[in-house]
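Below: the structure, in structure tokens.
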Amino acid sequence: MMLAEDIVRCGYTAPIKMDNKETIIRKGMELFLVNQMTANAETCRPPFVPGMITKPDADVIMMNCHPQYSEKGTSRERTEWKIINFLQDFLEELEISDGEMASATAEVSESLAVEDVLQWMTGQAHIPILPNEKQHFKITLKFDHECWERLGDHSTCYPVVNACTCTVIFPVHLTTYSDFRKTMTEALRYGHGLHRI
Ligand SMILES: [Zn+2]
């Protein structure tokens, strides 16, 4: 068999037969992985070292959010800033209540953490580890000012998320923080934010 030498070099010691094909391939893959990990030790370290996958916190999410604000000085822009402030408050509230559930915030924090928001926005609950992923990590935030014209009379709009493109579209008629909090909590928990009522 032509590959025998390579197979032995991988550390495979059992008889080299077609019947053992799977085991041989597995052995080869193991060696390949070990080689790759040795050569790229720094990049590969985080998943294997406790504490190195940093849990996302409110700041990290906000730093990677890119809101597409309307023209400066317009009332639209002011409304959009308000929504972004709500988002920051919401993330901070989840961060503070993480695992502890202070009674005042119990309804929100009941099984929600900052990771859940990241998962909902991007499809993954951890901050990118690979340099390439890190570089492209960006959450686009857009604002929907036209839902009244499109949908007519309605009371609640949920944010619409597209995890593939890391884009979230917020309705702007979330006028108070408690509205925002309630809507976000429901979107995160039940619908992943694709519906309007
Ligand atoms: Zn609406």
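The values are calculated or read from the model by the stated rules, or taken from the named source; none is laboratory data. Predicted model, so just to flag it, every value in this text is computed and none were measured. Note that we place each Cβ from the backbone using ideal geometry, even for glycine, and neighbour counts take in every protein chain shown.
Key figures for this structure:
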| item | result |
| --- | --- |
| Complete set of residues in segment 146-169 that are within 15 Å of the ligand (Cβ to nearest atom), surrounded by 14 or more Cβ atoms within 10 Å (Cβ to Cβ), part of a loop (DSSP other than H, G, I, E, B) and in contact (Cβ under 8 Å) with a residue 40 or more places away in the chain | Thr156 |
| Pairs, first closer than 17 Å to Glu93 by Cα in segment 58-75, second of a type in the set (Ser, Thr, Tyr), C-beta under 8 Å, six or more apart | Val60/Thr54 |
| Of residues in segment 121-145 being at pLDDT 90 or above and either surrounded by 15 or more Cβ atoms within 10 Å (Cβ to Cβ) or more than 14 Å from Asn64 (Cβ to Cβ) (or both), the one farthest from the ligand (Cβ to nearest atom) | Ile139 |
